[in-house]
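Just so it is clear, none of the values below were taken in a lab; they were calculated from the coordinates. No experiment lies behind these values; they were computed from the predicted model shown. Note that we place each Cβ from the backbone using ideal geometry, even for glycine, and neighbour counts take in every protein chain shown.
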Amino acid sequence: MKTWFHFLIKRKKGRLKTIEELEARPASGVFRLVSTTKILVMLVTAIAITKPARANGLRKEPLVGYLGLQKLSAVNGETQPAKHQEVGHKSLLQSDALYQYILETSVYPREPQAMKELREVTAKHPWNLMTTSADEGQFLNLLLKLINAKNTMEIGVYTGYSLLSTALALPEDGKILALDINRENYEIGLPIIEKAGVAHKIDFREGPALPLLDKMVEDVKCHGSFDFIFVDADKDNYLNYHQRLINLVKIGGVIGYDNTLWNGSLVAPPDAPLRKYVRYYRDFVLELNKALAVDPRVEICQLPVGDGITLCRRRS
Ligand SMILES: C[S@@+](CC[C@H](N)C(=O)[O-])C[C@H]1O[C@@H](n2cnc3c(N)ncnc32)[C@H](O)[C@@H]1O
């Protein structure tokens, strides 16, 4: 009988053993006893390691959805090792435990106090699933500093975690045009943003983003005026946003589209049990990814940070 632990690859004398080699090993009585003990230890360890990650509460969706958590994949009824276990395959996030390791080693210890506070307040909100993850917040903050961003835009604010990470990265006279249809959620984070001393950089506008973008596109003064634009709102409009934002971002500036791996659902089999909203937006995200991949106006890089973020650098 095949079980998940058949796919834990062991290293022996510096060489990775294949699953076939492991399974071909003679199963003497002593070996079976040792193996069973090891398996029990591994099981207990795996449960102990992954429990805190699941209990973390902020990430409600499986981290790597249909890839990383799927140790086995069924091909013609046969179970196969997941690709990331093949020699030479480079995949960072193979487990919730690894993600938790990143958070606890590199993200949480360096997270500014205000962002921590906002993350904790947001975790209690019923729609907390929407918040930007802490690792992505850290990524955005560093990226903005790397490109010396000053004039930025954010579409999709919610309680303001990515907004705060942006505001903290910008210079004193930096600006963020922040658009969202819901001001109420922004006001949850606003006192924390004010306490952090960065509210003066934010120009929040309540309402659907598209009509406002249309107005800006009509005004040539707005053309090429943004160093960075972060899009984290209605996925069915991303391509509409792109057609407008490409005029508003400066040449050499960056647009970041969030959720471009969409819970890993992009590669889910057709009969996969997806949540309704995941299934609905999946086709739009697939279309966006296809369009960005062939858009000559931008250079792109799709990163597996958070739920996937595609960076587009305007080249002309
Ligand atoms: C995923 S949340 C944004 C999360 C946010 N970046 C953060 O760090 O917490 C998506 C937001 O987009 C907003 N939104 C949805 N449709 C919109 C639209 N047409 N125009 C502007 N904002 C919209 C929602 O109200 C919601 O707050």
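What distance in nm lies between label points placed 7 Å from Cα along the C-beta direction at Q243 and S316?
Label-label distance for Q243 and S316, simple model: 2.0 nm.
Label-point separation (nm) for D203 and R297, each offset 7 Å from Cα along Cα-to-Cβ?
About 2.2 nm, to one decimal.
Can you put H242, H223 in order, fewest other beta carbons within 10 Å first?
H223, H242
Rounded, prolate or oblate: which fits the range 111-314, taking a ≥ b ≥ c as square roots of the Cα gyration tensor eigenvalues, rounded meaning a/c under 1.5, else prolate when a/b beats b/c?
On the way: a/c = 1.56, a/b = 1.11, b/c = 1.41.
Oblate.
Near the amide H of I181, under 5 Å away, which other amide H atoms are found, from residues 5 or more places off or on another chain, if H is placed in the peptide plane?
The list, which skips near neighbours in sequence, is G207.
Listing C301, C222 from the residue with the fewest other Cβ atoms within 10 Å to the one with the most, what is the order?
C301, C222
Can you list the residues, at least 5 places off or on another chain, whose amide H is less than 5 Å from the amide H of M153, using H built in the peptide plane?
Those qualifying (amide H under 5 Å, at least 5 residues apart or on another chain) are L177, F228, I229, F230.
For the range 149-188, state which GluC sites (Glu not before Pro) are in a DSSP loop and have at most 16 other beta carbons lying within 10 Å of their beta carbon.
Taking the range 149-188 and a limit of 16 other Cβ atoms within 10 Å, the loop GluC sites (Glu not before Pro) found are E172.
Report, by chain and number, residues whose modeled amide H sits under 5 Å from the one on G253, excluding near sequence neighbours (fewer than 5 apart, same chain).
It is R314, by chain and number.
Counting other beta carbons within 10 Å of each residue's own, what order do S95, S165 fall into, fewest first?
Fewest-to-most ranking of S95, S165: S95, S165.
At a Cα cut-off below 15 Å, give the aspartates and glutamates reachable from K145, other chains included and same-chain residues fewer than 8 away excluded.
E136, E172, D173, D227
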